[in-house]
Amino acid sequence: MTLYTQWLTMLVMFSSGVLLGILFDLFRELRDRLQLRREVQPFIDLFYWFLSAVLVFCLLWWSNWGEVRFYIFVAICFGFVVYFRYASEQISHMLRYIIRFLEAIITGLFSLLVVIFWNPLKKIVSILGALFWGLVHVPRSFVSKWFGWMFKKNREKK
């Protein structure tokens, strides 16, 4: 492995440590915002570690064809520690605002869909139900008075 490849791998693994820190903060903010039950949290943690392993492996494969050396672990840990020491608080704050913004957009879109589609559909079904109910339960005298001519047999013959 050339010296250029080693430095590139060090830089990529340092960056992956920072990305792992950002991903960890994202999962933490989502967990707090969604208020997941205690039984679900281990599965979320497993998903985080699986996603982290895939990310690190893909970056390692890209940078040096997957060769694992000791300095790779040092670079990942160093990037993780540097992120949590200097940037975690600001990134967490920004992630909170992004999550709230996305939540507001999703809520607004859902409300818009309810107003555009669900409320008119509910009104149409209500009107059709009322019409059907009215037709089924129409008094017999009303039917015979207004539509009796359809049911009368030849009265002229009598």
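Residues in segment 47-57: is at least one under 30 Å from residue 24 (Cβ atoms), of a type in the set (A, V, I, L, M, F, W, C) and either surrounded by fewer than 10 Cβ atoms within 10 Å (Cβ to Cβ) or modelled with pLDDT under 90 (or both)?
Filtering segment 47-57 for residues under 30 Å from residue 24 (Cβ atoms) gives 47-57.
With the extra rule that they be of a type in the set (A, V, I, L, M, F, W, C), the set shrinks to 47, 49-51, 53-57.
Among the residues that remain, those that are also either surrounded by fewer than 10 Cβ atoms within 10 Å (Cβ to Cβ) or modelled with pLDDT under 90 (or both) are: none.
No, there is no match, as no residue in segment 47-57 is under 30 Å from residue 24 (Cβ atoms), of a type in the set (A, V, I, L, M, F, W, C) and either surrounded by fewer than 10 Cβ atoms within 10 Å (Cβ to Cβ) or modelled with pLDDT under 90 (or both).
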Here is a check on your reading of the model: is residue 60 modelled with pLDDT under 95 and under 27 Å from residue 9 (Cα atoms)? yes
Any residue in segment 1-25 that is in contact (Cβ under 8 Å) with a residue 40 or more places away in the chain and within 13 Å of residue 69 (Cα to Cα) sitting within a Cβ distance under 7 Å of a residue that is assigned to a helix (DSSP H, G or I) and aromatic (Phe, Trp, Tyr)? List the pairs, counting only those 6 or more apart or interchain. 10/71
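Out of 68, 74, I need the residue that is in a loop (DSSP other than H, G, I, E, B), over 29 Å from the mean Cα position of the chain (by Cα), farther than 21 Å from residue 96 by Cα and free of Cβ contacts under 8 Å to residues at least 12 places away in the same chain. Which one? Can you show your working first?
Numbers: 74 fails: in a loop (DSSP other than H, G, I, E, B).
So the residue among 68, 74 that is in a loop (DSSP other than H, G, I, E, B), over 29 Å from the mean Cα position of the chain (by Cα), farther than 21 Å from residue 96 by Cα and free of Cβ contacts under 8 Å to residues at least 12 places away in the same chain is 68.
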I'd like to verify a number: residues in segment 82-116 that are within 30 Å of residue 3 (Cα to Cα), surrounded by fewer than 14 Cβ atoms within 10 Å (Cβ to Cβ) and touching a residue at least 12 places away in the same chain (Cβ under 8 Å), how many? 0
Is there a residue in segment 97-114 that is in a helix (DSSP H, G or I), more than 21 Å from residue 19 (Cα to Cα) and hydroxyl-bearing (Ser, Thr, Tyr)? yes
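Just checking, how many residues over segment 59-77 are of a type outside the set (Ser, Thr, Tyr) and in contact with a helix residue (DSSP H, G or I) (Cβ under 6 Å, 6 or more places away or on another chain)? Explain how you work it out, then say what you get.
Initial filter on segment 59-77 (of a type outside the set (Ser, Thr, Tyr)): 59-62, 64-70, 72-77.
Within this subset, residues satisfying the condition of being in contact with a helix residue (DSSP H, G or I) (Cβ under 6 Å, 6 or more places away or on another chain) are 59, 64, 66, 72, 75-76.
Qualifying residue count for the region: 6.
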Within segment 38-65, which residues are more than 30 Å from residue 3 (Cβ to Cβ), in a helix (DSSP H, G or I) and free of Cβ contacts under 8 Å to residues at least 24 places away in the same chain? 41, 42, 43, 44, 45, 46, 47, 49, 50
Of (1) acidic (Asp, Glu); (2) modelled with pLDDT of 90 or more; (3) surrounded by fewer than 14 Cβ atoms within 10 Å (Cβ to Cβ); (4) under 21 Å from residue 84 (Cα atoms), residue 32 satisfies every one except (2)
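The values are calculated or read from the model by the stated rules, or taken from the named source; none is laboratory data. Here the structure is a predicted model, which means the values were calculated and not measured. Glycine also receives a Cβ, built like all others from the backbone with ideal geometry; neighbour counts cover every protein chain displayed.
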